[in-house]
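See below for the structure under consideration.
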Amino acid sequence: MLQENSIKLSSSYALASKVKDYSQLMKFNLTFMVVFSSVVGYLLVPGVEFNLIKVLLLFAGGLLVSGSANTINQIWEKNTDKLMARTAVRPLPSGRMHDNEAIALAVITGIAGIFVMGYCFNWLSAILSLVSLVLYGFVYTPWKKWNSLAVLVGAIPGAMPPLIGWAAGADNLAEGGWSLFAIQFLWQFPHFWAIAWIAYKDYAKAGFKMLPGSGEPNKYTAIQAAMYTLLLIPAGVAPYLLKITGSISAIVAILAGIFFLYRAVNLYRKNDVPAARKLMFGSYIYLTIVQLVQLLDKA
């Protein structure tokens, strides 16, 4: 009896460990935020009403596609992940998972996610999902070692979720979808650079070139981040001008943009890691607030 309980506990532990490894590989915490922006894009389409089944299907499709892209990213970066303290514990560099298992997971989740988008919504959203996956997994990921233009390349798939959501609801790529894409596209730059500033030493060990100019954390990087946060202020008003959202969302977008700009200017003034960390958290605050208010203030 004792031996049977021991075997059950061991099996349960092994299963829990495997689930945790898959979650780390697919970056579910990060993916959830990405998929949320896709749901926002979907629900902001004129005439689309909240439907729990549709929202859950969109979440499922988005999680599978994003999870596949993140898995491909970690397959590419297995050896460089070993060099960085924060990534050395991931399933592949630590040796807890074989490359073939990760490849199988990436293929299965990628195909399943694209099928969900195509079959449950439309094939335009499925094609956009595939483009996003390819850009992130096979273009942005290797580019990170070439030069800092990788951030520009990565900002495209990073900004595509709301456009994919819009396409899922409208079956077109109208101005409304592109306005949501523009906000998230501009947002990527201060967000990426704040993270790269904080993790600069780790990135340098791995040979990743993520910061503009000389590739070092300095005032040039900070002024670049400030420029993009400044551009976010008029971009945040665009959905209102296109009559997708109401005036409240425009006011909130302006105020949130000023807050985000303040964090970027503070990084320019202080030029240190704590200020970069505040900018990073500020980026999460900005996007979350703006998207939530857009949903609540749909025209």
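Readers should treat all values here as calculations from the given coordinates under stated rules, not as data from a laboratory. These numbers come from a predicted model, not from an experiment. With ideal geometry, Cβ positions are generated from the backbone for all residues, glycine too; neighbour counts draw on all protein chains shown.
Odds and ends about this structure:
- Helices in the chain that qualify as membrane-span-like (whole DSSP H runs, Cα extent of at least 20 Å along the helix axis, mean Kyte-Doolittle hydropathy of 0.5 or higher) are 28-43, 52-76, 99-120, 150-170, 175-198, 219-241, 247-270, 273-296.
- Here the extension length gained between residue 122 and residue 255 equals 44.3 nm, from 0.36 nm per residue of separation less the Cα-Cα distance.
- Only Lys, Arg (+1) and Asp, Glu (-1) charged, at Cβ; the chain dipole about Cα centre in debye: 860 debye
- Charge dipole of the chain about the Cα centre (unit charges at C-beta), most positive-ward option of 299, 261, 55: 261
- (1) 67, 54, 26; (2) 56, 46, 44; (3) 66, 47, 36, with the label sought being that of the calculated Cα extents along the principal axes in Å: (3)
- Residue pairs, from the table 82/270; 20/201; 144/219; 18/54, whose Cα atoms sit over 23 Å apart: 82/270; 20/201; 18/54
- The Cβ shell under 13 Å around residue 197 holds other residues with a net charge of +3, Lys and Arg each +1, Asp and Glu each -1.
- Dipole magnitude (debye, nearest 20) for the range 174-298, charges at Cβ of Lys, Arg, Asp, Glu: 320 debye
- Ordering of 195-201, 46-52 by packing [mean C-beta count within 10 Å, highest first]: 195-201, 46-52
- For residue 30, net neighbour charge (Lys/Arg +1, Asp/Glu -1) across residues whose Cβ lies under 14 Å away: +3
- The range 51-162 - charge dipole about Cα centre, Lys and Arg +1 at Cβ, Asp and Glu -1, debye rounded to 20: 240 debye
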